[in-house]
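The structure appears below as structure tokens.
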2 protein chains.
Amino acid sequence: MTASDVAAEDASQKAPRIYVYSPSGAVQDKTAFHRGVRWLKKSGYHVTLDEAVLARATRFAGDHASRVAAVHRAADSGADLALISRGGYGINHLLPLLDYARIASAIDRGTQFMGFSDFTALQMALYARTGRITWAGASLGVDFGATPQPDEITLACFEDVLHGVGEGTGWRIRKDCAPYDGLEIAQATLWGGNLAVLTSLIGTPYFPAIKGGILFLEDVGEPPYRIERMLVQLEQAGVLAAQQAILLGHFTDARVIPHDRGFNLTKVVAALRQRVSVPVLTGLPFGHVSTKVCLPFGAEVSLRVGAREAMLIWGHL
Amino acid sequence: MTASDVAAEDASQKAPRIYVYSPSGAVQDKTAFHRGVRWLKKSGYHVTLDEAVLARATRFAGDHASRVAAVHRAADSGADLALISRGGYGINHLLPLLDYARIASAIDRGTQFMGFSDFTALQMALYARTGRITWAGASLGVDFGATPQPDEITLACFEDVLHGVGEGTGWRIRKDCAPYDGLEIAQATLWGGNLAVLTSLIGTPYFPAIKGGILFLEDVGEPPYRIERMLVQLEQAGVLAAQQAILLGHFTDARVIPHDRGFNLTKVVAALRQRVSVPVLTGLPFGHVSTKVCLPFGAEVSLRVGAREAMLIWGHL
């Protein structure tokens, strides 16, 4: 064994270990998937692929039992990070079948869980059942495989999580948030994710009862009227008024049709601000976009809004 | 005044009075709207149009206050039937603003309310607040204006409601319902409507807590995975298991995409039947289709399923 072999083995042993699994939809874009895996390996991560990561049963990455087993294998993996291959749809119907104590125990042993979109359902349920923190952030295919080179900010946030050094995130304030200049929230539970997935859990045992929190929301492909209907449901269910702030990320592909006659996302947000007194901030760099920060679902955070920038701080987790 | 004038006036005084109003989306297809009005008049009904029936504010038939006022004018109209011009979206955000006692009082004085789709929200809220019965059935533009001649069954059911003579409805049983041959439910509260609208009220004060009911559901333009997610939410919120039967109407335009790989409505229903023990019947002639029966939301009904036909009976209301 040469000195460089020893050094390589040493580096490999220190390299963060990532376990990739598929709890939701079947991997469609295998090119992106493999490119993502190569990219992570090339970046020095130790990558393990779940045995069913490329499985398929109709639109899903396996039937209910198979995907539940995949989540449990991710929990048992001992990896530093359990990362979803992709979102889609499919976690909702797994929720009664998951062993939450097993996932919580994995987190306590140092395995962090990260994903977004459909993964919101698992984050909500796990927090409701065990209060454990998970990361709303990257998924393998979308963020490390869809393009030859990952987005720099996304990558920096991802690496911060893996190395345990991220302590917060900031974003530029838009004009519509001028009324919130000077807003300071000393402590709040950060939670949220995909709006459609989150609202699909209202009334179920998987919707955590978080009071005084900071709720972040994003979505893709939902027309403005549906975004409003979901926000109205959260409002009428008493969720919005119970929070200290709402952070809106990106709502991509929110198609406005001719019949909408100008009923767009701006109008939805303006109407929401008229109906609820809780601050509604826009511009959070999160959603179905290439530049996304990693957000610790369930962590205690502080928020400070200035004239130019908002700062969300969770300190050392 | 000639004898025929007297006869006409007499007939006009006896003619059921229909008040048409717009609580949801703005009327888009004015040709269909006017054709519907003409058709009702020609059929001998006395038709009154709400002053804001053709109003528009972006995609809505007026702002919140205007549409609330329109609902209240319909309640105060003294008509035999308050009929929506069309559905769309827009009742959810009106729900905290409606005077439910005023609508209930109108119903007690003999004004029946009918509509479907977005109207489900008003029916749910009114029942939750006052226990009053409303009709899931026709809307003006869709059912009396979209084609030169209304569908015969739709029309017969509509006339039964206006003349107070309908006592139930039946439909042909499909093969997938064979396991329910012989099912008899002696008494249950009938309720339901549009799946997306109904689930958008879960967790709010506008979702009635109906136990041992018969729940009917329909939708349009929702892909199978979304239909499943909504059914899963109703299931996980404990709604489905609390019913005696689920009746599925039409789920039109439930687009299956290549990625679904066969995950269609049939599979959604089969999976639902595996998860819940309550009977799930298909084939109810209701939904975004031309042939739709009128169903009394909130009425006590009985259900009898044979080898060839299901019969839903509410008797004389």
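A few notes on this one:
- Residue count, the range A:1-31 (criterion: farther than 26 Å from A:H72 by Cβ, at pLDDT 95 or above and among the hydrophobic types (A, V, I, L, M, F, W, C)): 0
- Residue in the range A:186-193 that is closer than 28 Å to A:L281 by Cβ and part of a helix (DSSP H, G or I) present: no
- Hits in the range A:276-311 (condition: away from chain B (no Cβ under 14 Å) and over 21 Å from the mean Cα position of the chain (by Cα)): A:S277, A:V278, A:P279, A:R304, A:V305, A:G306, A:A307, A:R308, A:E309
- Counting residues in the range B:255-274 that are among the hydroxyl-bearing types (S, T, Y) and part of a loop (DSSP other than H, G, I, E, B) gives zero.
- Restricting the range A:42-101 to residues that are without any contact (Cβ under 8 Å) to a residue 24 or more places away in the chain and part of a helix (DSSP H, G or I), the residue that is surrounded by the fewest Cβ atoms within 10 Å (Cβ to Cβ): A:K42
- Qualifying residue in the range A:106-120 (condition: on the phi > 0 side of the Ramachandran plot, polar (S, T, N, Q) and in contact (Cβ under 8 Å) with a residue 40 or more places away in the chain): yes
- Every residue from the range B:252-269 that is within 14 Å of chain A (Cβ to nearest Cβ) and free of Cβ contacts under 8 Å to residues at least 40 places away in the same chain: B:A254, B:R255, B:V256, B:I257, B:P258, B:H259, B:D260, B:R261, B:G262, B:F263
- A:T204 within 19 Å of B:L231 (Cα to Cα), in contact (Cβ under 8 Å) with a residue 40 or more places away in the chain and among the polar types (S, T, N, Q): yes
- When the range A:138-168 is filtered for residues that are in contact with a strand residue (DSSP E or B) (Cβ under 7 Å, 6 or more places away or on another chain) and without any contact (Cβ under 8 Å) to a residue 60 or more places away in the chain, only A:S139 remains.
- Residue in the range B:228-251 that is more than 9 Å from chain A (Cβ to nearest Cβ), surrounded by fewer than 19 Cβ atoms within 10 Å (Cβ to Cβ) and not in a loop (DSSP other than H, G, I, E, B) present: no
- Restricting A:W135, A:W171 to residues that are in the same structural domain as A:A15 (by TED's automatic domain parsing), in contact with a strand residue (DSSP E or B) (Cβ under 9 Å, 6 or more places away or on another chain) and outside any loop (DSSP other than H, G, I, E, B) narrows the list to A:W135.
- Condition check for B:P205: at negative phi, part of a helix (DSSP H, G or I) and not β-branched (V, I, T): no
- Test: A:R273 is surrounded by fewer than 21 Cβ atoms within 10 Å (Cβ to Cβ), over 22 Å from the mean Cα position of the chain (by Cα), away from chain B (no Cβ under 11 Å) and at pLDDT below 95: no
- Among residues of the range A:48-95, those that are within 19 Å of the chain's Cα centre (by Cα), away from chain B (no Cβ under 14 Å) and of a type in the set (S, T, N, Q), counted: 1
- Across the range A:15-31, the number of residues qualifying as away from chain B (no Cβ under 14 Å) and either assigned to a helix (DSSP H, G or I) or among the charged types (D, E, K, R) (or both) comes to 2.
- Residue within the range A:143-159 that is within 14 Å of chain B (Cβ to nearest Cβ), under 17 Å from the mean Cα position of the chain (by Cα) and not hydrophobic (A, V, I, L, M, F, W, C) present: no
- Within the range B:179-200, residues that are assigned by TED's automatic domain parsing to the domain that holds B:I214 and more than 20 Å from B:R86 (Cα to Cα) have Cβ atoms under 9 Å from residues that are surrounded by fewer than 21 Cβ atoms within 10 Å (Cβ to Cβ) and aromatic (F, W, Y) in these pairs: B:L190/B:W314, counting only partners at least 6 apart in sequence or on another chain.
The values are calculated or read from the model by the stated rules, or taken from the named source; none is laboratory data. Just so it is clear, the model here is predicted, and its values are computed rather than measured. Reconstructed Cβ throughout: ideal geometry from the backbone, glycine too, with neighbour counts over all protein chains shown.
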